[in-house]
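The values are calculated or read from the model by the stated rules, or taken from the named source; none is laboratory data. Only a predicted model underlies this, so the values are computations on that prediction, with no experimental measurement involved. In this analysis, Cβ positions are derived from the backbone assuming ideal geometry, glycine residues included, and neighbour counts consider all displayed protein chains.
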Amino acid sequence: MCGIVGYVGQKQALPILLDGLMRLEYRGYDSAGFALYSKDHFEIKRNAGPVQGLIDLTQDCGKTETQGIAHTRWATHGAPNETNAHPHRAGEIVLVHNGIIENYSQIKEYLSKEGVQFSSQTDTEVFAQLIEFRRKEIAKKNPTQSAESTLLQSMKKAIDEVEGHYAIVLMALGIPGKLFGIQNGAPLVVSKLKDGALIASDIQAIIPYHNEVCFLPKGEIFIADKDGFHAKGLKFETIDWTADKVEKNGFESFMLKEIFQQPMVVADTLTGRLPLDQKSPFMWDHQKAHEVLWKNVKRLYLVACGTSSHAAMAAKYYFERWARLDCQVDIASEFRYRDPVFEPGTVVGVISQSGETADTLAALRLANDAGASTFSICNVPNSTIARESSFQYPTKAGPEIGVASTKAFTAQLTMLCALALDVGRLRGIQQTKDSAQKSFHGLARLPQDLDQVLSQSEAFIKIGEKLKNQRIILFVGRGTMYPIALEGALKFKELTYLPAEGFAAGELKHGPIAYIDPDVSIITLAPKDEWYSKTISNLEEIRARGGHIIAIGTEGDTEIQKISNEFIGLPKSAWGTQPILSVIPLQLLAYGCAKALGRNIDKPRNLAKSVTVE
Ligand code: F6R
């Protein structure tokens, strides 16, 4: 979704702003723009379409300016065109904005009656015009007050009047060398460089310059100048992400690189946590987790969106089996508007790669307000969701740039598998099935097994290429393979734009079987697990109706090969870790098909990486 970059200092600002915009492209956007503070005026350029289109407009500008703000916009209010692109100018000020102003139409009506003219359909311009309107009012009453004090007062007044979650950064004529802004529910990260101050909505735009950053506290107006940042409550910290982690490193897309990083990501997520004797507790802050979350737990809600919700669905199987815990999985956009029951002993776990997803954050806040104990599984250190949860189980996937989530998902599954095993121990559950002990071993050898699966990547991609002419693709699985089937379908539709659906194998005959014919491919997840024979029966039913079957099973399984058109054999892993292996071919099938169709792999149309609005 929208991205913000701002710089003020001693260097030429434009290259820094444009570099930042390119690094934020992955978030998803449809127009881009920047404003430079140039002596006594603003140089503003905006463009509908890619950042490259904006760069093409910059031949003769930005040579001397050392201060500016820039933005990528993902349209919410008003069409994705140049007029609605940011920055928005209102009198003496120019502003960029992330998030939503909920009461913008009332404010617009009020300002219109006062004679303010609007040139765009955006809520952003309304915010800019409101600040400018208040600025003029205050200046009239206090003509001798400094321009900076007047601006700060007008910002405070306007902030009191607007409702919503947002972040803004602005510059004002007559106050050179300074950027002003606030985060009110949409993150802003800042860093003090040797030659100035850099600000962005996302760590990715900052990391190539410096890894000491501060996530601005909510509700505090900040001022940035060449010497750094001035605001209350700034706490700088070092982030262990490096610039090379946000480069493609020779891969043709970020997504492909991220798929291949999965063995490492899983290892990093477990390093220092997996007890070597595979008997002792996992090595996170055990005492605190026990106290805060698990000692009196009676019910667990796992809440997330999209791919992260599929990780939650898989975890339900883990928690029920190993921790004997009532585990309910909810989509955050539903959970937040339902009336969930928070009895004493309710623990709510939210799962999010970005840690900024608006619905997931709202679900977390609902749970916190209701007095439930909360934890988060987030990939972005210090994200809002991570900070607002009572306990954190961070995944260590590193920056995920491809919009379609891959490595963050495997890291989430890994963490959830380990967590459920641990909670089973904390609760003193006697394991009646051998899956718990085997899954410990499975976790320890997961990086190796993932490497083995990835060694077949070419074959998976080729099968994916062949799917490009199918009428519809179905993904089916039972038990822990059911959420993986849903994830396979989601990956497929978001990357290829072709119709794809995921089903529990047992549901096929309750409806979907109606559209099975030779133009329909059915990708079946059928490892040799406790549900194997049932899934085989379902496959027979599909075969009888002429469906094209691609089976993903256990290597060496000859029975399934006889009834499928194509077969992908995976190493046999434990009950808890098999789903983590099984998602890899699905990611690569989607990738192969999308590539054959010429789709934009890293930035599928209409999607945003970090969904910060409802
Ligand atoms: C799909 C995908 C999305 C996200 C969803 C939640 O590939 O990436 O479905 O999983 O938008 O995002 P996070 O995990 O950041 O809360």
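The set of residues in segment 48-75 that are over 19 Å from Ala200 (Cβ atoms) and in contact with a strand residue (DSSP E or B) (Cβ under 6 Å, 6 or more places away or on another chain) comprises Ala48, Gly53, Leu57, Cys61. Scanning segment 365-382 for residues being surrounded by 24 or more Cβ atoms within 10 Å (Cβ to Cβ) and over 21 Å from Val297 (Cβ atoms) gives a total of 2. For Glu343, indicate whether it is surrounded by fewer than 20 Cβ atoms within 10 Å (Cβ to Cβ), over 17 Å from the mean Cα position of the chain (by Cα) and among the charged types (D, E, K, R). Yes.
Out of segment 295-307, which residues are within 16 Å of the ligand (Cβ to nearest atom) and either on the phi > 0 side of the Ramachandran plot or not in a helix (DSSP H, G or I) (or both)? Answer for segment 295-307, where residues must be within 16 Å of the ligand (Cβ to nearest atom) and either on the phi > 0 side of the Ramachandran plot or not in a helix (DSSP H, G or I) (or both): Tyr301, Leu302, Val303, Ala304, Cys305, Gly306.
Scan segment 346-364 residue by residue and report those that are within 16 Å of Gln328 (Cα to Cα) and buried (at least 23 other Cβ atoms within 10 Å of the Cβ).
Filtering segment 346-364 down to residues within 16 Å of Gln328 (Cα to Cα) leaves 346-351, 360, 363-364.
Of everything in segment 346-364, those that are within 16 Å of Gln328 (Cα to Cα) and buried (at least 23 other Cβ atoms within 10 Å of the Cβ) turn out to be Val347, Val348, Gly349, Val350, Ile351, Thr360, Ala363, Leu364.
Scanning segment 474-494 for residues that are more than 26 Å from Ala574 (Cβ to Cβ) and either in a helix (DSSP H, G or I) or within 16 Å of the ligand (Cβ to nearest atom) (or both) yields Phe492, Lys493, Glu494. Residues in segment 394-414 that are closer than 20 Å to Leu293 by Cα and either within 11 Å of the ligand (Cβ to nearest atom) or surrounded by 24 or more Cβ atoms within 10 Å (Cβ to Cβ) (or both): 4 in all. Against the conditions (1) at positive phi; (2) without any contact (Cβ under 8 Å) to a residue 24 or more places away in the chain, Gly479 satisfies every one except (2).
Please work out if Gly185 is on the phi > 0 side of the Ramachandran plot, touching a residue at least 60 places away in the same chain (Cβ under 8 Å) and surrounded by fewer than 15 Cβ atoms within 10 Å (Cβ to Cβ).
When the stated conditions are applied, Gly185 does not pass them.
Spot the failing condition for Gly219; the list is (1) assigned to a strand (DSSP E or B); (2) within 25 Å of His88 (Cα to Cα), and only one is missed. The single condition Gly219 does not satisfy is (1).
Can we say Ile168 is part of a strand (DSSP E or B), assigned by TED's automatic domain parsing to the domain that holds Pro217 and either of a type in the set (A, V, I, L, M) or surrounded by 17 or more Cβ atoms within 10 Å (Cβ to Cβ) (or both)?
Yes.
Candidates in segment 85-104 are the residues that are in contact with a His (Cβ under 8 Å, 6 or more places away or on another chain) and in a loop (DSSP other than H, G, I, E, B); of these, the one that is modelled with the highest pLDDT is Pro87.
The set of residues in segment 574-614 being of a type in the set (S, T, N, Q) and surrounded by 21 or more Cβ atoms within 10 Å (Cβ to Cβ) consists of Thr577, Gln578, Ser582, Gln587, Ser610, Thr612. Residue count for segment 308-333 satisfying the condition of being surrounded by fewer than 22 Cβ atoms within 10 Å (Cβ to Cβ), within 14 Å of the ligand (Cβ to nearest atom) and of a type outside the set (A, V, I, L, M, F, W, C): 2. Considering the conditions (1) in contact with a His (Cβ under 8 Å, 6 or more places away or on another chain); (2) under 22 Å from Pro483 (Cβ atoms), Tyr532 is excluded by exactly one of them, (1).
Scanning segment 429-455 for residues that are of a type in the set (Gly, Ala, Ser) and in contact with a Cys (Cβ under 7 Å, 6 or more places away or on another chain) yields one hit, Ser439.
Out of Phe503, Phe492, Phe475, one residue alone is among the aromatic types (Phe, Trp, Tyr), assigned by TED's automatic domain parsing to the domain that holds Leu581 and within 20 Å of Gln262 (Cα to Cα). It is Phe492.
Summed over segment 180-212, the residues that are part of a strand (DSSP E or B) and within 20 Å of Cys2 (Cα to Cα) give a count of 12.
Across segment 106-132, the qualifying residues are those that are hydroxyl-bearing (Ser, Thr, Tyr) and touching a His at 6+ places or on another chain (Cβ under 9 Å), and the one among them that is farthest from His71 (Cα to Cα) is Ser119.
Mind checking which residues of segment 578-614 are hydroxyl-bearing (Ser, Thr, Tyr) and within 14 Å of the ligand (Cβ to nearest atom)?
Those that are hydroxyl-bearing (Ser, Thr, Tyr) and within 14 Å of the ligand (Cβ to nearest atom): Tyr591, Ser610, Thr612.
Taken together, the residues in segment 346-386 that are among the β-branched types (Val, Ile, Thr) and within 13 Å of the ligand (Cβ to nearest atom) amount to 8. Inside segment 16-42, residues that are free of Cβ contacts under 8 Å to residues at least 40 places away in the same chain and within 12 Å of Ile55 (Cα to Cα) make up a count of 1.
Among helices (runs of 4 or more DSSP H) lying entirely in segment 517-614, which contain 2 or more residues that are under 26 Å from the mean Cα position of the chain (by Cα) and touching a residue at least 40 places away in the same chain (Cβ under 8 Å)? Quick ask: steps written out before the conclusion?
Details: elements: 532-544, 558-563, 578-596.
Of the helices (runs of 4 or more DSSP H) lying wholly inside segment 517-614, those with at least 2 residues that are under 26 Å from the mean Cα position of the chain (by Cα) and touching a residue at least 40 places away in the same chain (Cβ under 8 Å) span 578-596.
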